[in-house]
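Student: Below is the structure I would like to discuss, written out as C-alpha cells.
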Amino acid sequence: MNILQLIDLKTLYLLQLFILTTPLILSLSPTLSTWTWSPKKAITISLYLSILLFILKSYYMNDYTIATILKSDTFNITLNVKFDTYSTTFMPIALFITRTIVTYSDWYMSTDKQRTKFTQYLLIFLLAMLTLATANNLFLLFIGWEGVGFMSFLLITWWRARAKANESSMQAIIYNRIGDVGLIMNMCWFLLLLDTLDLPMIYSMSHLMPMMPLLGLILAAMAKSAQFGMHPWLLAAMEGPTPVSALLHSSTMVVAGIYLLIRMQPLLKNNHIALSICLFLGAITTLYAATHALTKNDMKEIIAYSTLSQLGLMMTTIGLCLPELAFLHLCLHAFFKSMLFLCAGNVIHTLHGEQDIRKMGTLHKTLPTTSSCFTIGTLALSGTPFLSAFYSKDTIIECIMTSHINTLALILVLISTSFTTIYSIRVLATVWTGHPMHQPLPHYEENPKCTKPITQLAKWSIVTGLFMSLTTYPSQIPPLTLPTSYKLTALMIMLISLLIATNLINTTHQKPMQAQTTMTTHRITSTMTLSKAEKESTRLMDQMWYLNLGPEEITKYQKPPIMMTTSQKGLIKTYLLSFIYLLALIPLLF
C-alpha cells in the first residue's frame, strides 16, 4: 500500500487548524505568550501541510463531518468540510500569501506597539477564509463568511485615531450586512423547503431551484466582492495599513463572494436569467473600475480600482458558466495583486506617506528591487504573454468571443481590458521613470525584510500561471480550434493599448505650447459673448432663479412633514430594519 494512503485527510486538516490556532491560545496566557511559537511559524508549517493535503486529495473521498451541531428527526446541522480541487488549491495559495504579508508586516509595522496583536488579527482573518473555502454546508460557510467580514472591520479601523479610518470600517461593515441579508434569506429558504444546509443535497435539487434564492446568492456575492452598486466600501478599505490592503484585496475578503458563486455554480447553470445578471454585472463593474483607474492619481487607489476591475472579470466568467476559469483567474490574481500593494507600501514609506503618483518619478534608482517586482506585477495584470494572468485573461477573452452571449458584454470586457493596460503603463512610467517630482531623498537602501516577500511573490507571479493552467481541467471542453483573429485578440488589444499609453505619456511629458497673445476681432467678439453668456447662465439663472424655484423651495415645503415622521432620524439601525421589513414583504407580492 502506498504510504500516502495511510495518512488520514481529516486528521491532517484538524492538525493544520490546531497549529494555526496555537499562537492565539498561547496569547491568552501571559506566561505562555513569550513562547517562540509565532504566527509566522504556524502559517509556515500549515503551508507544508496544505501542500500535502493537495497531493493527497486524489486518494480519499471528499466529504468529512467534523462535528454535529444540531440533530433532530427532520434535519441535522453539521460541520462538514470538502476537499476538492477548489479548496485544496486555494488553501496553500492563501497560506503562502498570508505568510509573505506577515513577513512584510514585521518590517512595515515595526514601530507599532501593538504589532503582535496586528499579526494575530491577520491569522484570525486567514482562519476565517480557510473555513469558508473548505465548508461543505451553508452553516460552516456562514461562519467563515461572517468571520472575514468582522475581521476586515477590525483591520481597516486599526489606526483608530484617524476619523476617515473609522468611517471606512463602518462603510465596509454596512455594505457587507446588506450582502448578509441575501445569504441569510437563502439559508432560511433551504431550511424551510429542503430541510438541509448541506451543499450536496442542495445541488441535487438544482433543477427545482426558483429565481428568489439565486438572487439572494447574487446579492451576497455582489456586496462581499464589491460589484457595481456595492463597490464604495472596497475603495474606502485602503485606509487600513498596507498589509491589510494586500491581504484583503488578494486572497481573503473580496474573493469570498466570487468563491461563493463558484461553489453554487450547480444551481446557477440551469438558470439563464441568473447567469445573464452575473454576466452584465461583471461587465459593467470591470469597465466602470477600469475607466475610473484612468483618472486617479492616488497609487493605492489605482491598484484598488484594478482589483475591482478584475473582480468584475471573474463575475463575467461566472456568467459564462465557466467556474474553473473564474477560479483560475482568482488564484493567479492573488499573487500579483498582493505584490503590487506591498510594492506601493514600500514606495509610500520611502516618500514619507506621499501617495500621489504625480509627485513621484525616477524611483527605479532608489528602489531597484521594488521597481523590478512592480514591473512584473504590472505586466502580469496587463496580460503579458507567459506571465501569470495571461493564462487566465487570454482564455477568458477567447471563451467570451466564442460563446453565444450578448455583444454588449463582449464590447465592455474588451474595452476594459484595453483600459487596464493603459492605466498600468501610466503608473509604471510615472512612478519609476521620467523626472523626479519629489523632494530630494537621502541615501536609501532597501531593507531585506521588505524585499524578500515581494521577490517571492514576483517569482510565483511568473511561474504559477503555467503550473495551474497545466493542472486545472475545465468541466466544459473549450474550443479546440479558433480563427487566428480570435486567438490574437487579447494580444492585439494589449499591444494597441501599450502604444496608446506610450503616446499619451510622451504627450503629457512634453512642454505645452505657448498661447499667442495677439487678440483678433474674431477672438475678442467670441470671448465677450462667451463671458456674458456664462455670467447670465450661472449667476442669474442657476444661482438665483433655479435655486429659489427648485431645490430650496421644494425643501422648504417637504422638510416639516419629513421631520414629523418617526423613521427619518438619521439612524442606520432604523433604515436597515425598514429594509429587512420590505424584503420580508416581497415574497407576499408574488
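Student: Which fully enclosed helices (runs of 4 or more DSSP H) of the range 476-590 have 1 or more residues being exposed (fewer than 10 other Cβ atoms within 10 Å of the Cβ), modelled with pLDDT under 65 and not assigned by the TED database to the domain that holds G216?
Tutor: So the answer is 521-534.
Student: Among the residues of the range 108-127, count how many are in contact with a helix residue (DSSP H, G or I) (Cβ under 7 Å, 6 or more places away or on another chain), in contact (Cβ under 8 Å) with a residue 60 or more places away in the chain and within 30 Å of V347 (Cβ to Cβ).
Tutor: Qualifying residue count, the range 108-127: 10.
Student: Could you check L325 against (1) in contact (Cβ under 8 Å) with a residue 40 or more places away in the chain; (2) in contact with a Phe, Trp or Tyr (Cβ under 6 Å, 6 or more places away or on another chain); (3) assigned to a helix (DSSP H, G or I) and say which number it fails?
Tutor: With (1) in contact (Cβ under 8 Å) with a residue 40 or more places away in the chain; (2) in contact with a Phe, Trp or Tyr (Cβ under 6 Å, 6 or more places away or on another chain); (3) assigned to a helix (DSSP H, G or I) applied to L325, the lone miss is (2).
Student: Next question. Surrounded by fewer than 23 Cβ atoms within 10 Å (Cβ to Cβ), more than 19 Å from I258 (Cα to Cα) and of a type in the set (S, T, Y): is that true of S169 in this structure?
Tutor: no
Student: Out of (1) within 21 Å of P436 (Cβ to Cβ); (2) open to solvent by less than 40 Å² (accessible area, probe 1.4 Å), what's the single condition that is false for P368?
Tutor: (2)
Student: Another question about this same structure. Has the range 147-160 got any residue that is under 15 Å from I43 (Cα atoms) and among the basic types (K, R)?
Tutor: No - not one qualifying residue is present in the range 147-160.
Student: A further question on this structure: Filter the range 145-166 down to residues that are more than 14 Å from Y121 (Cβ to Cβ) and surrounded by fewer than 15 Cβ atoms within 10 Å (Cβ to Cβ) and give me whichever is farthest from the chain's Cα centre (by Cα).
Tutor: Here the answer is A161.
Yes/no per residue for (1) surrounded by fewer than 19 Cβ atoms within 10 Å (Cβ to Cβ); (2) over 23 Å from the mean Cα position of the chain (by Cα):
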{"residue": "M339", "(1), (2)": "no, no"}
{"residue": "I357", "(1), (2)": "no, no"}
{"residue": "L363", "(1), (2)": "no, yes"}
{"residue": "T375", "(1), (2)": "yes, no"}
{"residue": "Y391", "(1), (2)": "no, no"}
{"residue": "L408", "(1), (2)": "yes, yes"}
{"residue": "I422", "(1), (2)": "no, no"}
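Student: Going by the conditions given, is I77 more than 26 Å from the chain's Cα centre (by Cα), surrounded by 15 or more Cβ atoms within 10 Å (Cβ to Cβ) and modelled with pLDDT of 90 or more?
Tutor: Against the criterion (more than 26 Å from the chain's Cα centre (by Cα), surrounded by 15 or more Cβ atoms within 10 Å (Cβ to Cβ) and modelled with pLDDT of 90 or more), I77 does not qualify.
Student: Within the range 84-91, identify whether any single residue is at pLDDT 70 or above and surrounded by fewer than 17 Cβ atoms within 10 Å (Cβ to Cβ), and answer yes or no.
Tutor: Looking through the range 84-91, at least one residue is at pLDDT 70 or above and surrounded by fewer than 17 Cβ atoms within 10 Å (Cβ to Cβ).
Student: For L193, work out the one condition from (1) more than 17 Å from the chain's Cα centre (by Cα); (2) crowded, with 16+ Cβ neighbours inside 10 Å it doesn't fulfil.
Tutor: For L193, the failing item is (2).
Student: For the list (1) buried (at least 24 other Cβ atoms within 10 Å of the Cβ); (2) assigned by the TED database to the domain that holds D356; (3) of a type outside the set (D, E), I need the number of the one condition that M264 fails.
Tutor: (2)
Student: Only one of these is out of contact with any Ser or Thr (no Cβ under 8 Å at 6 or more places or on another chain) and within 25 Å of T472 (Cβ to Cβ): F96, F83. Name it.
Tutor: Checking each option against the conditions leaves just F96.
Student: Sticking with this structure for a sec: Which condition does P385 not pass, out of (1) open to solvent by 10 Å² or more (accessible area, probe 1.4 Å); (2) closer than 25 Å to I277 by Cβ, if it passes all the others?
Tutor: (2)
Student: Something else: What number of residues in the range 375-405 are part of a helix (DSSP H, G or I) and over 15 Å from L495 (Cβ atoms)?
Tutor: Total meeting the criteria: 15.
Student: Only residues that are under 30 Å from T103 (Cβ atoms) and in a loop (DSSP other than H, G, I, E, B): list them for the range 406-422, please.
Tutor: Listed by number, the list is empty, since nothing qualifies.
Student: Does at least one position in the range 8-17 carry a residue that is outside the structural domain of I124 (by the TED database), at pLDDT below 60 and in a loop (DSSP other than H, G, I, E, B)?
Tutor: no
Student: Looking only at the range 423-462, how many residues end up being in a helix (DSSP H, G or I) and either more than 30 Å from C331 (Cβ to Cβ) or in contact (Cβ under 8 Å) with a residue 60 or more places away in the chain (or both)?
Tutor: So the answer is 22.
Student: Give me the pairs, please: first residue somewhere in the range 132-149 and small (G, A, S), second residue anywhere and outside any helix (DSSP H, G or I), beta-carbon distance under 9 Å, and either six or more positions apart or on two chains.
Tutor: Between residues of the range 132-149 that are small (G, A, S) and residues that are outside any helix (DSSP H, G or I), the close pairs are A135/L79; A135/N80; A135/V81; A135/K82; G144/A135; G149/M253.
The values are calculated or read from the model by the stated rules, or taken from the named source; none is laboratory data. Bear in mind that the values here come from a model prediction, so they are computed numbers and not experimental data. When we count neighbours, we look across all protein chains shown, and the Cβ atoms used for this are built from the backbone with ideal geometry, even at glycine. These accessible areas exclude ligands, DNA and RNA; they are computed on the full protein's heavy atoms, side chains included. Shrake-Rupley method; radii C 1.70, N 1.55, O 1.52, S 1.80 Å.
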